[in-house]
Amino acid sequence: MEQHNTNLTNLWAAAVLEQLVQLGVEDICIAPGSRSAPLVIAAAKLSLSQTNNGEQGQLRLHTHLDERGLGFFALGLVKARLKPVIVITTSGTAVANLYPAVIEAFQTSQPLIVLSADRPEELLNCGANQAINQKGIFADNVVEFCQIDALDSEAEISENLTSIVRAYQKATMSGPVQINCAFREPLYPTDDVDLLDTDKYLQVFDQARSPTSSKFEAETIQPSGKTLLVAGDLTSSQAQHVLALAERFDTPILADINSNLPKHRLVIQSVELVLEAQPDLLAEYDSVIQFGGRLVGKRLLNWLSESHFENYLLVSPQALALDPSKTATQICIDIDTYCQGAVITKSDHAQLLQKSGQILEKARTFVRSLSFGELKAAQTLCDVLDDSVDLFVGNSLSIRLMDLQSNRDFSVFSNRGTSGIDGLLATACGVQQGRGRPMVVLLGDTSLLHDLNSLMIARRHISAYPLILIVLNNDGGSIFNLLPAANLGDIQRDFFQLPHGLEFDNIAKSFDIPHYSPSTEAQFTQQLTELFKQNGVAMIELQVPPTESSQQIKALYEFSRNHGAASDSTG
């Protein structure tokens, strides 16, 4: 029998939530389940109390029936708010369903807090219902695991809250954590107990800054010679500090799609086309400072790994290694701190800026001449969107289409920690919920099929602003047409592309989501413009032949290569 003092179970759960909220948590994501009832009831009562008292910064509760989607939704909130977010699950496989989101959070050092309810020790390894070994279930993909066994006395509450505080601090500095709390029955309060009377248990939080925020000594590691900046995956705030550094020393930046750098005279977007057109254009540079990791472009990655720089510095607050070539000196420090102290030798960059501008303008003209499809739709998005709109871009072909565009002037979000295709819509919904701005989501068909349950999140949670979901339906994994698998014939089709033959109109209808299927650029632009006037979610499906995008991308690279060579020969 696992009968227990209901006051202790529920007081302990309430103390955990109260402690985490006091530390700074403002968002809690909840999936249904019974073992987690003490945590859910405490969260609901805490939120209601704040509302009744008119407190500022009220606790926000979010719900979804699918733990996998919920985990990614929480990750999106973390990306938007740049603060820890809690995910509450019941015991069993509910916890395991969070694994993909936890891995993505770990790879990008995002403070996701998994608060998993568990069976007590006496119900493990004995055939009890919904009881698995949850201890360390995420292995090395969390920065801290905290096991709290079922409490036997009220005196243990304060003692165990110390572990909760430590886990929170670790999350804010390094990435995701799991707090695994075992609860004995009864799980629902039967006495008239005040679950909000937990102040006497709470621990004082030491607001010490992360070690990566320490002062940067300007003379320690500085580039020498002619220097170029590279911007990887950055927040908008980090991007502004990098741009300020570039302006201070009049130094160009090679900008990845995830850099969040705006159009600017020193910012070179669509680096892949520049390197394809004139690979020797960057040969004169002696040093590189790269900010952030997770670069999308293969040509840029190859250039960084194959060049022999006097200094190749990679600056990031993340402690994880971010250089696949293993040739960079990685500096673990806040980017704003580094930029404030860095010194770069001023040089003449006129040739790079002028020629890259010419290459990219010719590329835009070439894309305008193409038939309407995925590549032209990506360019149209850049023409239509401005800095009042966010873009969440999926992986595989979607992000590569956008990385080829050179007129981006809006914030970009993505999941590039593991570059998976699961949970992308859920993450986008979390980002928009946290940002409170209009958003366009650009996903491939296979990615959306992986995350159909999250259409329910979009329909239920997105109502205050427009969310326009653009689905690139090329009948499966067309990215493989750009890879060596394209040469495998039927094997490529049957085992890599996996054509599904589906359209999304009826899927959208089942979730009560408006659906549009434009066939021309004019229709696409008009529908985008109209949908930005309406709040809530809508779907635009672009149907194209499986090989069209890969053919157009190859043609764009060939055009850039030929015209880049011609431009180089004429000076």
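Annotation: of all residues in segment 430-446 being of a type in the set (D, E, K, R) and assigned to a helix (DSSP H, G or I), the one that is surrounded by the most Cβ atoms within 10 Å (Cβ to Cβ) is D445. Residues in segment 375-403 that are not in a helix (DSSP H, G or I) and not aliphatic (A, V, I, L, M) were compared, and the one that is most open to solvent (accessible area, probe 1.4 Å) is D387. In segment 395-409, the condition of being in contact with a strand residue (DSSP E or B) (Cβ under 7 Å, 6 or more places away or on another chain), under 23 Å from P84 (Cα atoms) and modelled with pLDDT of 95 or more is met by no residue. Taken residue by residue, segment 108-118 has no member that is over 24 Å from G436 (Cβ atoms), open to solvent by 40 Å² or more (accessible area, probe 1.4 Å), in contact with a strand residue (DSSP E or B) (Cβ under 8 Å, 6 or more places away or on another chain) and not in a helix (DSSP H, G or I).
Of all residues in segment 254-282, exactly one satisfies the criterion of being open to solvent by 20 Å² or more (accessible area, probe 1.4 Å) and touching a Phe, Trp or Tyr at 6+ places or on another chain (Cβ under 7 Å), namely E276.
Would you please list the contacts, defined by Cβ atoms under 6 Å and residues six or more apart or on different chains, that run from a residue in segment 84-104 that is at pLDDT 95 or above and among the hydrophobic types (A, V, I, L, M, F, W, C) to a residue that is surrounded by fewer than 22 Cβ atoms within 10 Å (Cβ to Cβ) and part of a helix (DSSP H, G or I)? Between residues of segment 84-104 that are at pLDDT 95 or above and among the hydrophobic types (A, V, I, L, M, F, W, C) and residues that are surrounded by fewer than 22 Cβ atoms within 10 Å (Cβ to Cβ) and part of a helix (DSSP H, G or I), the close pairs are V102/N141; I103/N141.
Q523: open to solvent by 60 Å² or more (accessible area, probe 1.4 Å), part of a loop (DSSP other than H, G, I, E, B), closer than 20 Å to L381 by Cβ and not hydroxyl-bearing (S, T, Y), yes or no? When the stated conditions are applied, Q523 does not pass them.
Within the set K200, K135, K170, the sole residue that is at pLDDT below 95 and within 26 Å of I103 (Cβ to Cβ) turns out to be K135.
So in segment 318-350, with the set limited to residues that are open to solvent by 40 Å² or more (accessible area, probe 1.4 Å), assigned to a loop (DSSP other than H, G, I, E, B) and not hydroxyl-bearing (S, T, Y), which one is nearest to L397 (Cα to Cα)? It comes out as P324.
Checked against (1) open to solvent by 10 Å² or more (accessible area, probe 1.4 Å); (2) on the phi > 0 side of the Ramachandran plot, A131 passes all but a single condition, namely (2). Residues in segment 447-474 that are hydroxyl-bearing (S, T, Y) and touching a helix residue (DSSP H, G or I) at 6+ places or on another chain (Cβ under 9 Å) were compared, and the one that is most open to solvent (accessible area, probe 1.4 Å) is Y465.
Among residues of segment 508-520 being more than 17 Å from D445 (Cβ to Cβ) and touching a residue at least 40 places away in the same chain (Cβ under 8 Å), the one that is most open to solvent (accessible area, probe 1.4 Å) is D512. Scanning segment 351-361 for residues that are surrounded by 18 or more Cβ atoms within 10 Å (Cβ to Cβ) and either among the aliphatic types (A, V, I, L, M) or under 29 Å from S519 (Cα atoms) (or both) returns L352, I359, L360. For beta carbons closer than 6 Å, sequence separation of 6+ or different chains, a first residue in segment 60-77 that is under 17 Å from D422 (Cα atoms) and in contact (Cβ under 8 Å) with a residue 40 or more places away in the chain and a second that is surrounded by fewer than 24 Cβ atoms within 10 Å (Cβ to Cβ) and of a type in the set (D, E, K, R), the qualifying pairs are L77/D27.
Here T529 clears all of (1) open to solvent by 70 Å² or more (accessible area, probe 1.4 Å); (2) assigned to a helix (DSSP H, G or I); (3) under 19 Å from L391 (Cβ atoms); (4) touching a residue at least 40 places away in the same chain (Cβ under 8 Å) except the condition numbered (1). Residue-level check: of (1) within 22 Å of R460 (Cβ to Cβ); (2) in contact with a helix residue (DSSP H, G or I) (Cβ under 7 Å, 6 or more places away or on another chain); (3) open to solvent by less than 40 Å² (accessible area, probe 1.4 Å), S47 misses just (2). Of all the numbered requirements in (1) farther than 28 Å from G417 by Cβ; (2) surrounded by fewer than 18 Cβ atoms within 10 Å (Cβ to Cβ), Y285 misses one, and that requirement is (2).
Suppose we filter A485, A464 for residues that are among the small types (G, A, S) and part of a helix (DSSP H, G or I); which single one remains? Answer to the check: A485.
Between F372, F309, the distinction of being crowded, with 16+ Cβ neighbours inside 10 Å, modelled with pLDDT of 95 or more and among the aromatic types (F, W, Y) belongs to F372 only. Considering segment 74-104, and only residues there that are part of a helix (DSSP H, G or I) and touching a Ser or Thr at 6+ places or on another chain (Cβ under 7 Å), the residue that is farthest from V142 (Cα to Cα) turns out to be G76. Checking the structure you have, find out if any residue of segment 478-488 is open to solvent by 10 Å² or more (accessible area, probe 1.4 Å), closer than 13 Å to L397 by Cα, polar (S, T, N, Q) and in contact with a Pro (Cβ under 8 Å, 6 or more places away or on another chain). Yes, some residue in segment 478-488 is open to solvent by 10 Å² or more (accessible area, probe 1.4 Å), closer than 13 Å to L397 by Cα, polar (S, T, N, Q) and in contact with a Pro (Cβ under 8 Å, 6 or more places away or on another chain). In segment 287-294, the count of residues that are of a type in the set (A, V, I, L, M) and modelled with pLDDT of 95 or more is one or more. With respect to the conditions (1) farther than 21 Å from T63 by Cβ; (2) under 10 Å from the mean Cα position of the chain (by Cα), T427 lacks only one, and its number is (1). Looking at segment 468-477, can you tell me whether even one residue there is modelled with pLDDT of 95 or more, over 24 Å from S519 (Cβ atoms) and of a type in the set (A, V, I, L, M, F, W, C)? Checking segment 468-477: not a single residue is modelled with pLDDT of 95 or more, over 24 Å from S519 (Cβ atoms) and of a type in the set (A, V, I, L, M, F, W, C). Please find, within segment 50-73, the residue that is surrounded by the most Cβ atoms within 10 Å (Cβ to Cβ) out of those that are assigned to a helix (DSSP H, G or I) and modelled with pLDDT under 95. Out of the qualifying residues, it is Q50.
The values are calculated or read from the model by the stated rules, or taken from the named source; none is laboratory data. Computed from a prediction, not measured in an experiment: that's the story for all the values here. As a convention, Cβ positions derive from the backbone with ideal geometry for all residues, glycine included, and neighbour counts pool all protein chains shown. Each accessible area value is taken on the protein alone, full model and side chains, heavy atoms only, with ligands, DNA and RNA left out. Shrake-Rupley method; radii C 1.70, N 1.55, O 1.52, S 1.80 Å.
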